[in-house]
Amino acid sequence: MTALEALYRDVVLEHNRRPRNFRRMAAPCGCTDGVNPLCGDRLMVCLRLDGETIAEASFEGSGCAIAVASASMMTEAVAGRTRTQALALADAVSGMLRERSGDLLDGDLAALAAVSAYPSRVKCATLAWEALRAGLTSGATRVSTEDEGAPQDTWAQANESARNGH
Ligand code: ZN
């Protein structure tokens, strides 16, 4: 086992056993459901923004160890970052996983690089990051790793319906 594989195993197991920010958020600005039909992962990522800064990120739902661990790391990594910084980090994670490109990231995120050796699991690892990206860019309430072709509701529409009591 290489050093990266050992790090990966330890970090994924640890985050999966004790996921960070795994809870329902009281007053989110919006939540985005991330679904990965290929594996059965379904995670809802919620964000609370303070201006351009992500004050709080949380997730709930269920998924495989890689999906849960990556979501746990994501919520820790983006808290306190600006919208732009968080999207840049999502790009860096995605690049590292899909193209094995770019520099290794710091801390626990570096361990995710090992997933790039298992292409069928890459979508598990990127799921929470894609939900984050969708929330921050289009404000979509749902994102799938597979193209579903259906129009997506947005945070604005969801908040509007909530206000109207629907
Ligand atoms: Zn999975």
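Here are some notes:
- Scanning the stretch 60-91 for residues that are in a strand (DSSP E or B), within 14 Å of the ligand (Cβ to nearest atom) and surrounded by fewer than 18 Cβ atoms within 10 Å (Cβ to Cβ) yields a total of 1.
- Hits in the stretch 121-159 - residues which are among the small types (Gly, Ala, Ser) and at pLDDT below 90: GLY149, ALA150, ALA156, ALA158
- Pairing residues of the stretch 46-64 that are among the β-branched types (Val, Ile, Thr) with residues that are surrounded by 19 or more Cβ atoms within 10 Å (Cβ to Cβ) and part of a strand (DSSP E or B), at Cβ distances under 7 Å and at least 6 apart in sequence or on separate chains, gives ILE54/LEU47.
- Residue count, the stretch 137-159 (criterion: on the phi < 0 side of the Ramachandran plot, surrounded by 12 or more Cβ atoms within 10 Å (Cβ to Cβ) and within 16 Å of the chain's Cα centre (by Cα)): 7
- Tally of residues being free of Cβ contacts under 8 Å to residues at least 60 places away in the same chain and either touching a Lys or Arg at 6+ places or on another chain (Cβ under 9 Å) or more than 16 Å from GLU5 (Cβ to Cβ) (or both) across the stretch 120-137: 5
- Complete set of residues in the stretch 10-41 that are surrounded by fewer than 19 Cβ atoms within 10 Å (Cβ to Cβ), within 16 Å of the ligand (Cβ to nearest atom) and aliphatic (A, V, I, L, M): LEU13, LEU38
- Cβ separations smaller than 6 Å between residues 6+ apart or across chains give the following pairs from the stretch 7-27 residues that are touching a residue at least 60 places away in the same chain (Cβ under 8 Å) to residues that are of a type in the set (Gly, Ala, Ser): LEU7/ALA111; TYR8/ALA111; TYR8/ALA114; VAL11/ALA111; VAL12/ALA65; VAL12/ALA69; HIS15/ALA69; HIS15/SER72.
- Each residue in the stretch 42-59 was checked for being more than 10 Å from the ligand (Cβ to nearest atom), more than 18 Å from THR154 (Cβ to Cβ) and within 10 Å of the chain's Cα centre (by Cα), and 3 of them qualify.
- The residue list SER94, SER116 contains one member that is away from the ligand (no atom under 14 Å from the Cβ), buried (at least 17 other Cβ atoms within 10 Å of the Cβ) and over 19 Å from LEU132 (Cα atoms), which is SER116.
- Taken over the stretch 119-151, the criterion of being assigned to a helix (DSSP H, G or I), out of contact with any strand residue (DSSP E or B) (no Cβ under 7 Å at 6 or more places or on another chain) and within 16 Å of the ligand (Cβ to nearest atom) is satisfied by PRO119, SER120, ARG121, VAL122, ALA125, THR126, TRP129.
The values are calculated or read from the model by the stated rules, or taken from the named source; none is laboratory data. Just so it is clear, the model here is predicted, and its values are computed rather than measured. Backbone-built Cβ (ideal geometry, glycine too); neighbour counts: all protein chains shown.
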